[in-house]
Amino acid sequence: MIKTSKFRGAVLVVFDKDFNPSHLLRGEFGTIVADKIFKKHIEDLGCEFVELEALVGTGSVYEAENLLEEFPNLLFDDGSRVSKSVNYRGYELWWVHYNSFFQYFCIPYVKYVNLLEFLRSFSVIYLYRVPYKSLFYCYLKAYEKKVQLFDGARSKPLPFGVFLQIFLTFICLPVLVVRRCRLLLFTSDKFNGSRNEDFRMGFIYDELRNRNIPFVEF
């Protein structure tokens, strides 16, 4: 059962159709945003029902790209640009996470923007199996909202790939011990053909090689 503080202005948002509304208590939430299949049960509890689909758009890559282009030029309170806030020897580290920011923040933002703006009118927000947790959490925290995330219990068997990774890890451990590599470097599959490395992280590779720091790439 989801327990709340009975705080006035609490809202529950249910993103998963597997949600069991029988766990809710009468008066536990003032408003519940969910799929329309839960409407009758929610209204029987005396809660205001809001259909989730009405607040979720289809998303637009074009709008997400425009949003991404605006972020590097935004300014903090001290007048510094976002893209220049973190630098390493002249390199703006913002661009290292450029693609991830676009995929996990900008694209979902244009899809859920109406829902996010709707939630700003509540003081306490409970999110059940929310997609893009970081987006929702950071956005609502920026408006000083109390946010609680719930995933519920899921009993799914581990995929074969997990067991394969564990097996390969045990094989590689002796090699790591012998080489005494204390640094693991993660990289994507986007390589620069001439250097056989992720072009966005070239300065990191150069720094490690110049300092003769052994590392393992995965």
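Within segment 28-37, being more than 20 Å from Leu149 (Cα to Cα) and either over 28 Å from the mean Cα position of the chain (by Cα) or surrounded by 20 or more Cβ atoms within 10 Å (Cβ to Cβ) (or both) holds for no residue. So Glu53 fits all but one of (1) exposed (fewer than 14 other Cβ atoms within 10 Å of the Cβ); (2) modelled with pLDDT under 85; (3) over 28 Å from Glu207 (Cβ atoms); what number is the exception? Here Glu53 clears every test but (2). Which one of these does Glu92 not meet: (1) touching a helix residue (DSSP H, G or I) at 6+ places or on another chain (Cβ under 7 Å); (2) acidic (Asp, Glu); (3) touching a residue at least 12 places away in the same chain (Cβ under 8 Å)? Single failed check for Glu92: (3). Taking (1) of a type outside the set (Ser, Thr, Tyr); (2) touching a residue at least 12 places away in the same chain (Cβ under 8 Å); (3) part of a helix (DSSP H, G or I); (4) under 24 Å from Phe150 (Cα atoms) in turn, Glu43 satisfies each apart from (2). Residue count for segment 169-181 satisfying the condition of being surrounded by 10 or more Cβ atoms within 10 Å (Cβ to Cβ) and either touching a residue at least 40 places away in the same chain (Cβ under 8 Å) or more than 28 Å from the chain's Cα centre (by Cα) (or both): 6. Would you be able to say whether some residue in segment 112-133 is without any contact (Cβ under 8 Å) to a residue 40 or more places away in the chain, within 30 Å of Ile204 (Cα to Cα) and either surrounded by 13 or more Cβ atoms within 10 Å (Cβ to Cβ) or touching a helix residue (DSSP H, G or I) at 6+ places or on another chain (Cβ under 8 Å) (or both)? Looking for residues that are without any contact (Cβ under 8 Å) to a residue 40 or more places away in the chain, within 30 Å of Ile204 (Cα to Cα) and either surrounded by 13 or more Cβ atoms within 10 Å (Cβ to Cβ) or touching a helix residue (DSSP H, G or I) at 6+ places or on another chain (Cβ under 8 Å) (or both), one finds at least one in segment 112-133, hence yes. For segment 80-93, the count of residues that are β-branched (Val, Ile, Thr) and more than 29 Å from Ala10 (Cβ to Cβ) is at least one.
Please verify whether Ser60 is of a type in the set (S, T, N, Q) and either within 30 Å of Glu207 (Cα to Cα) or surrounded by 14 or more Cβ atoms within 10 Å (Cβ to Cβ) (or both), treating the condition exactly as stated. No, not satisfied.
The values are calculated or read from the model by the stated rules, or taken from the named source; none is laboratory data. None of the values given here were measured: they were computed from a predicted structure. Note that each Cβ is placed from the backbone with ideal geometry, even for glycine, and that neighbours are counted across all protein chains shown.
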